[in-house]
Structure formats: C-alpha cells, structure tokens
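Quick notes on the structure that follows.
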Amino acid sequence: VERFEASEEADAIRRRHAEFCLGVAERVGTALLGEDRRERLIALEDDHDNFRAAVAWLEAQGDLPSMARLLAALWRFWQMHGHLYEARRSFDRAFALDDESHGLAPAERRALLTAAGGIAYWQGDIAAAHRWYREAVDLARANEGPLPLANALYDLSFAPLEATTAEW
C-alpha cells in the first residue's frame, strides 16, 4: 500500500477505478427493478467495498458531479440491501460539498435530491424526503422538461405535506 501510495500512477489508477465503479453502478443500478434483480443485487454487494472506495476517493478529490452520479446510481441497491445509514451519510457529505466551488448542474442536483429523498423516505424521515423531493420538483420545473417534472412530482407524492413542517 505504501508503494502504491508513493507511485506516480496512484491517482490515475484511482480515477480509472472510480470511473469503472461509476459505469458498473449506472448500468446495473438502472436495472434493479427488472427480472434478474437478485443476481444484480448480489453483484453489487460483492463489489460494495469497491463502491465505498470510489465514493470516498471522489469526495476527497472534490469531484462532486461524479460522486453525485455514483450515489444516485447506488441508492436503490443501498435501499434494497438495508444500507440506509451508510447511504444517508454519503448523501449528507455530497450535499456538504455542493457549494459554488463544487456546484452541480440542475439535472445532476435533481438526480442527487431524488435519490437522497428515496433514502430518507425508507428511513422514515418524511420531512427530509419532502424537502429534497420538493427541491427536485423546483429544479425540474425551472430547468427541465415535462418527464423529469412528472417524475419529481410522483416522488413528492410519497412525502405528503402534512407529515412535514408545512414548508409551502
């Protein structure tokens, strides 16, 4: 490990690793509701430590767009395998990075908010789910077309206003 850390190739190898993990998560994560869900979930669980390492490295590099994409791709896996606490901490760290120097494009932030809202919902934190889903609706309404807006409104329907602190 010390030799690897000292090598000139360490960052390039970690970047390729993170890109590979992102590609796998995006390919597999979108199919978790399909017929071969069990096999896909097992494959993701087998590589869970690789995904953790990729998330940590992307965070350390301040690569919020890639980190956000990876988190959004993994959220259903985390939800289905009961890794809700770990997922929530990862989303909290991503939101902490989302400032002017690491900002996300509206569609990237909407995807991150939607995934974080899903995790909060499954944790029973309806107020947080509502807040994140509501922001996703606002972003979709202002920056995207009817399909992202319809999806955002659908998600928001799972976190009813009366269960929150009445933000509207």
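Might you let me know whether the stretch 62-74 holds any residue that is over 9 Å from the mean Cα position of the chain (by Cα), more than 16 Å from Ala115 (Cβ to Cβ) and of a type outside the set (A, V, I, L, M)?
yes
Only one residue in Ala72, Ala60, Ala54 is within 21 Å of Glu19 (Cα to Cα), in contact with a Ser or Thr (Cβ under 8 Å, 6 or more places away or on another chain) and either assigned to a helix (DSSP H, G or I) or aromatic (Phe, Trp, Tyr) (or both), so which one is that?
Within the list Ala72, Ala60, Ala54, the selection yields Ala72.
Looking at (1) assigned to a helix (DSSP H, G or I); (2) under 22 Å from Met67 (Cα atoms), find the lone condition where Ala127 falls short.
It fails just one condition, (2).
Residues being touching a Leu at 6+ places or on another chain (Cβ under 8 Å) and surrounded by 14 or more Cβ atoms within 10 Å (Cβ to Cβ): count how many of those fall in the stretch 118-154.
Summing the residues that are touching a Leu at 6+ places or on another chain (Cβ under 8 Å) and surrounded by 14 or more Cβ atoms within 10 Å (Cβ to Cβ) in the stretch 118-154 gives 13.
Does Arg93 meet the test of being assigned to a helix (DSSP H, G or I), under 18 Å from Leu74 (Cα atoms) and within 10 Å of the chain's Cα centre (by Cα)?
Criteria not met by Arg93.
For the stretch 20-57, how many residues are more than 16 Å from Trp78 (Cβ to Cβ) and in contact (Cβ under 8 Å) with a residue 40 or more places away in the chain?
Here the count works out to 1.
Here, each number is a calculation from the coordinates, and none is a lab measurement. Because the structure is predicted, anything quoted here is derived from the model rather than measured. Cβ: placed from backbone, ideal geometry, glycine included. Neighbour counts: every protein chain shown.
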